[in-house]
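Okay, structure first, notes after.
Nothing in this text is a laboratory measurement; each read-out follows from the coordinates by a stated rule. Since the model is a prediction, treat every value here as computed from it, not as a measurement. Ideal geometry is used to build each Cβ from the backbone, glycine not excepted, and the neighbour counts take in all protein chains shown.
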Amino acid sequence: MRSYNGARTLAGNRITDYQIWPGDNSMRFLIVDDSSTMRRIIINTLNKLGYEDVTEAGNGREGLDRLGSGAVDIIITDWNMPEMTGIEFVRSLRGSSVTKNIPVLMVTTNAAKDDIVEALKVGVNSYVVKPFTTETMREKIEAVLAR
């Protein structure tokens, strides 16, 4: 069982509690999204949650290259990207003995039920529809890591 420390941060005009796992905030994240703005939003959200070790990639091919240069603990990927989509990226991850068990969180604008089902079938562990809140990201990360 993990112990939790409560961290308080100002969100708008109200104070919000975020649960941060001591020791786990050193987890390594790979963010794969073709939008540099969206990568920055995700990185800022992770930083608010206490996660600072983040590597970026602009598409699935770059993501695979980044994985070749260092291990990560969790991947956050978009669906719609040039060169290699998020779905193709996840298929590639799940097809490799080295990367098949890395948790994957898909963050995308694709909100249709069929899209969510497809993502889960190829091996995405959880799914977040853009736009998202810090609280939603925290909940999804915790859920993926609890498995």
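Some points to look at:
- Exposure proxy ranking, count of Cβ atoms within 10 Å, fewest first, for 51, 127: 127, 51
- Cα Rg, Dmax, segment 16-147, angstrom units: 13.5, 40
- Estimated D of segment 56-134 in µm² per second, where Rh is the Kirkwood radius over Cα pairs and Stokes-Einstein applies at 10 °C, 1.306 mPa s: 126
- With Cα atoms as the point set, segment 26-69 shows a radius of gyration and Dmax of 10.2, 28 Å.
- Reach of residue 48 by Cα under 12 Å, taken over aspartates and glutamates that are not fewer than 8 positions away in the same chain: 17, 135
- Eligible lysines near residue 121 by straight Cα distance, threshold 27 Å, same-chain separation 8 or greater: 100, 113, 130, 140
- What you get for segment 26-146, charging only the Cβ of Lys and Arg (+1) and of Asp and Glu (-1), is a dipole of about 180 debye around the Cα centre.
- Measuring between their Cα centroids, segment 73-142 and segment 48-65 lie 13 Å from each other.
- Coupling constants for segment 35-52 follow from the phi torsions by the Karplus curve (6.51 cos²θ - 1.76 cosθ + 1.60, θ = phi - 60°), and in residue order they are 8, 5, 5, 5, 4, 5, 4, 5, 4, 4, 5, 4, 4, 4, 8, x, 9, 10 Hz; glycine and proline get x.
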